[in-house]
Amino acid sequence: MATSLSRYLVEQQRAKHHIPPELRLLLEVVARACKGISHAVNKGALGGVLGSAQSENVQGEVQKKLDIIANEVLIEANEWGGHLAAMASEEMDSIYVVPNRYPQGEYLLLFDPLDGSSNIDVNVSIGTIFSVLKKPESAEKVSEADFLQAGQAQVAAGYCVYGPQTTLVLTVGDGVAMFTLDREQGSFVLTEENVRIPEDTREFAINMSNMRHWDKPVTDYITECLAGKDGPRGKDFNMRWVASMVADVHRILTRGGIFMYPWDKRDPDKPGKLRLMYEANPMSWLIEQAGGMATNGRERILDIQPTQLHQRVSVCLGSKNEVARFTAMHQSEA
């Protein structure tokens with residue numbers, strides 16, 4: 001008998017005692033929201049959701065219509081359930097505190113409502129990334145500071161990739177599980193449990209057009225890979241780059257690889273491009289739970305203490321041995 005997401009979460013609650021009932025219910029609501037976003041994505045031009053919204057988010061990036069739709073779907077689905085105290089989104093300037101007309105819960109939800117927006121109009125895989133934190137017990141009135149917890153404090157994390165199949169990938173600290181949306185039943189069904197990433201790989205993902213701006217350790221690492229079996233690595237590498245973190249990470253969780261979005265010299269005051277709270281932390285925990293490794297080139301991402309809600313970070317994650325090599329090359333330059 002197929003295991004639904006609800007049954008999987010009940011087992012995590014009852015048998016394994018990994019999650020309390022409130023967190024289980026919260027994750028079910030997030031999954032339902034992702035199902036709604038998936039339907040909007042699948043309609044595409046038929047639903048009038050393609051193209052720009054003619055607005056910018058807090059990062060100064062032009063928003064797509066689906067960015068705004070996905071953000072609203074997640075807020076509206078989660079604000080009334082009584083499990084959350086507040087939410088934070090890559091698309092919003094500050095936190096969204098649950099309105100007084102609804103009961104306030106003990107959890108904080110962070111999300112990138114639609115990762116890979118540049119791929120929306122060309123029908124390439126995009127996704128939703130989410131992270132759940134516990135509200136500090138000392139906090140009477142929730143504030144932005146309550147969200148500034150290191151990634152290792154997460155109690156749940158995951159993403160939903162909207163591709164040929166809609167797949168929800170989740171961890172609650174007991175490994176990584178994948179669920180596929182069965183559209184006939186209208187529910188997510190467990191299709192893979194205890195996901196493991198191979199420790200070695202022959203695939204790397206990076207935006208090669210930025211090569212002239214990279215720091216020396218990044219250039220050195222990629223040069224080794226490009227030299228192939230005649231170079232110091234003694235094996236040929238393939239490059240993959242979807243320009244959607246969800247799609248690139250999903251590939252790595254499925255068959256291994258290394259994903260890099262490093263600091264570069266174009267904007268030297270920014271530590272990286274990706275957001276620590278909405279992208280790097282949840283993805284890093286998923287990768288580690290599957291036996292991989294995630295660093296900013298010098299330290300474990302989940303150990304970084306955030307100081308800002310929209311803090312950026314360099315990211316290298318994936319197959320353990322490759323990430324360790326990439327990181328060692330940075331550390332030797334320090």
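The values are calculated or read from the model by the stated rules, or taken from the named source; none is laboratory data. All values reported here derive from a predicted model rather than from experimental measurement. With ideal geometry, Cβ positions are generated from the backbone for all residues, glycine too; neighbour counts draw on all protein chains shown.
Details
- Residue check, ALA139 on the phi < 0 side of the Ramachandran plot, among the aliphatic types (A, V, I, L, M) and modelled with pLDDT of 95 or more: no
- Subset of the range 1-28 that is under 20 Å from LEU84 (Cβ atoms) and touching a strand residue (DSSP E or B) at 6+ places or on another chain (Cβ under 8 Å) - its residue that is surrounded by the most Cβ atoms within 10 Å (Cβ to Cβ): LEU27
- Here the condition is being buried (at least 21 other Cβ atoms within 10 Å of the Cβ) and out of contact with any Gly (no Cβ under 8 Å at 6 or more places or on another chain); of ALA157, ALA227, ALA247, it holds for ALA157 alone.
- Positions within the range 174-195 being more than 21 Å from GLY163 (Cα to Cα) and at pLDDT 95 or above, in sequence order: GLY175, ASN194
- VAL218 β-branched (Val, Ile, Thr), within 27 Å of GLN331 (Cβ to Cβ) and within 23 Å of the chain's Cα centre (by Cα): yes
- Meeting the requirement of 2 or more residues that are closer than 15 Å to VAL30 by Cβ and in contact (Cβ under 8 Å) with a residue 40 or more places away in the chain, the strands (runs of 3 or more DSSP E) wholly within the range 59-149 are 84-89, 107-115, 126-134.
- Within the range 153-177, the set of residues being free of Cβ contacts under 8 Å to residues at least 24 places away in the same chain and either part of a strand (DSSP E or B) or of a type in the set (S, T, N, Q) (or both) comprises GLN165 only.
- Candidate set from the range 211-251 (those that are part of a loop (DSSP other than H, G, I, E, B) and touching a strand residue (DSSP E or B) at 6+ places or on another chain (Cβ under 9 Å)); member that is farthest from LYS273 (Cα to Cα): PHE237
- Selection from the range 108-142 of residues that are among the polar types (S, T, N, Q) and surrounded by 16 or more Cβ atoms within 10 Å (Cβ to Cβ): SER117, ASN119, SER125, THR128, SER131
- Just so you know, in the range 289-331 the residues that are hydroxyl-bearing (Ser, Thr, Tyr) and touching a residue at least 60 places away in the same chain (Cβ under 8 Å) include one that is nearest to GLY256 (Cα to Cα), and it is SER319.
- Residue satisfying condition, being among the acidic types (Asp, Glu) and under 25 Å from MET87 (Cβ atoms), within set GLU333, GLU279: GLU279
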